[in-house]
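Chemist: Take a look at the following structure, please.
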Amino acid sequence: MKYRKRSANDFVFKEELGHGSYSTVYKAIDRHDPNKIYAIKVCSKDHIIREAKVKYVTIEKNTLNSLARGNHPGIVKLYYTFHDKDNLYFVLDFAAGGELLSLLHKYGTFNDRLSRHFTIQLIDTIEYIHSKGVIHRDLKPENVLLDKEGKLMITDFGAAATTTLESKNGMESNMCPTSSFVGTAEYVSPELLLYNKCTASSDIWALGCMIFQFTEGCPPFRGSNELKTFEKIVELDYLWNPQKCDNNSIKNINPMVVDIVRSILVINDNDRVTISNLKQKMWFSGIDWSNKASIWQGIFT
Ligand code: ADE
């Protein structure tokens, strides 16, 4: 078929799915094939220029395009981009299961099986992103979407950075040139707050915050304002709160989860656990990380 540039007229726009700082996402159906459902992110040109967001939109498009080549199941796919007089459009995978944050709000906390399922898929996806020289820099449950089977997809690469391999003491590490605070207060790493430094390990820090949140229902560092949250992060001031079950008994926290979170939430990013060491942790015993089909199963069955 001859390639034809798509336009907004090729889609029937349905309900709003969500909105970010410079965009609104709508459910949309392909006019030529009603079985094809997409999520279309619409960014107002006026707004992007007024709020100086051109850089973020460009980063998002370039990053999604370059990651798409690997066809990884954990990354939301970008099918088409186009623009008209008023807007830019990103045609993305429709995630029928919505945001991971909404699922967490619905359940309060995740049980061990659900937490492990999402953590495994997050690790596999973060490893893939980093292998392509990309740091997401805004990982949080709102930026993790679910398909109808409960397989996850990471979205919102507007804050992403590409890395250069730097050699430090004979060790190569993924660094991005300069950083400033771009993420979300609760998930931001201490190296960014203390040294304006961002490495691939900053995404692992955010993963640790999410694993804690799966078990506890809220992220480990949360102050009454952003500044207090930042103070808690740099002081590593977090506590496990044993959760009450429906029958008022106390739910024991899995020591394997506590061990993983402890190995991630380390102030010095050089001492923080790496993805490859994380995969060896007890909680994942029995997982064959090379067997992608076993990692990429659904959970809503
Ligand atoms: N909300 C934001 N992006 C979405 C997507 N791709 N699918 C479903 N809901 C969304």
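Readers should treat all values here as calculations from the given coordinates under stated rules, not as data from a laboratory. Small disclaimer: the values here were computed from a predicted structure and weren't measured. Using ideal geometry, Cβ is built from the backbone for each residue, glycine included, and neighbour counts are taken over all protein chains shown.
Chemist: Based on DSSP loop calls and a cut-off of at most 10 other Cβ atoms within 10 Å, the longest stretch of the chain free of exposed trypsin sites (Lys or Arg not before Pro) is what? Let's see the in-between values first.
Modeler: Values: sites that count: Lys2, Arg4, Lys5, Arg69, Lys85.
With a cap of 10 other Cβ atoms within 10 Å, the longest stretch comes to 86-301.
Chemist: Rounded, prolate or oblate: which fits the stretch 186-301, taking a ≥ b ≥ c as square roots of the Cα gyration tensor eigenvalues, rounded meaning a/c under 1.5, else prolate when a/b beats b/c?
Modeler: Working: a/c = 2.05, a/b = 1.17, b/c = 1.75.
Cα axes put the stretch 186-301 in the oblate bin.
Chemist: Sort the stretch 240-284 into rounded, prolate or oblate with this rule: let a ≥ b ≥ c be the square roots of the eigenvalues of the Cα gyration tensor; rounded if a/c is under 1.5, and if a/c is not under 1.5, prolate when a/b is larger than b/c, oblate otherwise.
Modeler: Working: a/c = 5.28, a/b = 2.18, b/c = 2.43.
In terms of gyration-tensor shape, oblate.
Chemist: Let me ask something additional. Between the stretch 14-59 and the stretch 182-246, how far is it from one alpha carbon centroid to the other, in angstrom?
Modeler: 29 Å
Chemist: Give the residue list of GluC sites (Glu not before Pro) in the stretch 49-111 that are DSSP loop and have at most 13 other beta-carbon atoms within 10 angstrom. Can you show the working numbers first?
Modeler: Working: sites: Glu51, Glu60, Glu99; in loops: Glu51.
Passing both the DSSP loop test and the Cβ count: Glu51.
Chemist: Counting each DSSP H run of 4 or more residues in the chain as -39500 (n - 2.57), what helix-only mean residue ellipticity at 222 nm follows after dividing by all residues, to the nearest 500 deg cm²/dmol? Don't skip to the answer; put the middle values down first.
Modeler: Working: 10 runs with 99 residues, N = 301.
Computed ellipticity for the chain at 222 nm equals -9500 deg cm²/dmol.
Chemist: Find which of Ile135, Ile253, Gln280 sits farthest along the positive direction of the dipole of the chain, computed with +1 on the beta-carbon of Lys and Arg, -1 on that of Asp and Glu, about the Cα centre.
Modeler: Farthest towards the positive pole: Ile135.
Chemist: Something else now. Once you have a ≥ b ≥ c as the square roots of the Cα gyration tensor eigenvalues for the stretch 21-89, tell me rounded if a/c is under 1.5, and otherwise prolate or oblate according to whether a/b is larger than b/c. Each step should come with its number before you reach the end.
Modeler: On the way: a/c = 2.36, a/b = 1.26, b/c = 1.88.
It comes out oblate by the Cα gyration axes.
Chemist: Just for the Cα atoms in the stretch 1-138, what are the lengths along the principal axes, largest first, rounded to whole Å?
Modeler: Principal axes ranked by extent give 48, 36, 33 Å for the Cα atoms.
Chemist: Please get the size of the charge dipole for the chain, origin at its Cα centre, with Cβ charges of +1 on Lys and Arg and -1 on Asp and Glu, quoted in debye to the nearest 20. Mind dumping the intermediate values first?
Modeler: Values: 37 positive and 35 negative charges, 166 e Å.
Once rounded to the nearest 20, the dipole reads 800 debye.
Chemist: Give the cross-link partners of Lys36 among the lysines, using a straight C-alpha distance below 20 Å as the criterion and excluding same-chain residues fewer than 8 apart.
Modeler: Lys2, Lys5, Lys14, Lys27, Lys77, Lys148, Lys151
Chemist: With a cap of 15 neighbouring Cβ atoms within 10 Å, and only residues DSSP puts in a loop, list the chymotrypsin sites (Phe, Trp or Tyr not before Pro) found in the stretch 201-259. Provide the component values of the computation, followed by the final result.
Modeler: Values: sites: Trp205, Phe212, Phe214, Phe221, Phe230, Tyr238, Trp240; in loops: Phe221, Tyr238, Trp240.
Answer in residue order: Trp240.
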